[in-house]
Amino acid sequence: MIRVCSSCAQKNRIPWSHLHVAGRCGRCKEEIEPIDRPIDVKSSAQFQEIIDNAEVPILVDFWAAWCGPCRLAAPRVTEVASRRAGRAVVLKVDTERMQDLAARFQIQGIPNFMVFEDGKVKSQQAGLVDVGVMEGWLD
């Protein structure tokens with residue numbers, strides 16, 4: 001993943017396995033904070049790479065743009081990503097664009113949330129939930 005340094009605007013490549021830790025900019029050596037926002041999954045390969053290499057729990061939000069409850073869940077998912085920065089990673093999977101992932105995990109209702117730990121599904125739940133419930137899954 002490419003992260004831009006807030007001090008010098010240098011683009012820095014961060015390995016998927018290190019999204020949860022603070023790094024250093026290659027140019028100015030200032031700290032680059034752990035990822036604190038949801039990551040939009042662009043491919044099945046990217047999804048698998050993150051799941052396989054993450055050293056912290058991963059919350060995955062399966063959603064679609066046309067889904068009203070998904071739009072209501074979005075700010076909650078973003079809040080969890082912000083509050084859990086450094087202790088968890090949050091992914092968003094658009095089920096319309098990533099139909100192969102939706103089929104692979106048998107997503108039949110959205111929003112649908114899954115938590116992965118050590119590359120395996122730890123829990124799954126469909127439906128709108130609050131921030132406290134999402135954080136509880138990550139504990």
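Would you mind checking the tilt of helix 68-83 against the longest principal axis of the Cα atoms of the chain, expressed as 0 to 90 degrees and rounded to 10? Long axis of 68-83 versus the principal axis of the chain: about 30 degrees. In the chain, the DSSP beta bridges split such that about 65 percent are antiparallel, to the nearest 5. Taking amide H atoms as placed 1.01 Å from N in the peptide plane, the amide H of A54 has no partner under 5 Å among residues 5 or more positions away or on other chains.
Working value for region 18-139: equivalent-ellipsoid semi-axes of 24, 16, 14 Å, each the square root of 5 times a Cα gyration tensor eigenvalue, largest first.
Using the rule -39500 (n - 2.57) for each DSSP H run of four or more residues, divided by the residues of the chain, the 222 nm mean residue ellipticity is -8500 deg cm²/dmol. Label-to-label distance, E117 versus V129, with points set 7 angstrom from Cα along the beta-carbon direction: 1.3 nm.
Annotation: amide H-H contacts under 5 Å for V21 (H modelled 1.01 Å from N, sequence separation of 5 or more, or interchain): I35.
Computed from backbone phi, the HN-Hα couplings of region 48-57 come to 5, 4, 5, 4, 5, 10, 5, 9, 10, x Hz, rounded to whole numbers (Karplus: 6.51 cos²θ - 1.76 cosθ + 1.60, θ = phi - 60°; Gly and Pro given as x).
Choose one of S82, G68, V121: the residue whose Cα lies farthest towards the positive end of the charge dipole of region 39-138 (beta-carbon charges +1 Lys, Arg; -1 Asp, Glu; about the Cα centre). Working it through, the farthest residue towards the positive pole turns out to be G68.
Each residue of region 109-126 was assigned a 3J(HN,Hα) from its phi angle through the Karplus expression (A = 6.51, B = -1.76, C = 1.60, θ = phi - 60°), giving x, 10, x, 9, 10, 10, 10, 10, 9, 6, x, 10, 5, 9, 7, 8, 7, 9 Hz with x at Gly and Pro.
Computed from the coordinates by the stated procedures, all read-outs in this text should not be read as laboratory data. Given the structure is predicted, the values throughout are model-derived calculations rather than measurements. Note that each Cβ is placed from the backbone with ideal geometry, even for glycine, and that neighbours are counted across all protein chains shown.
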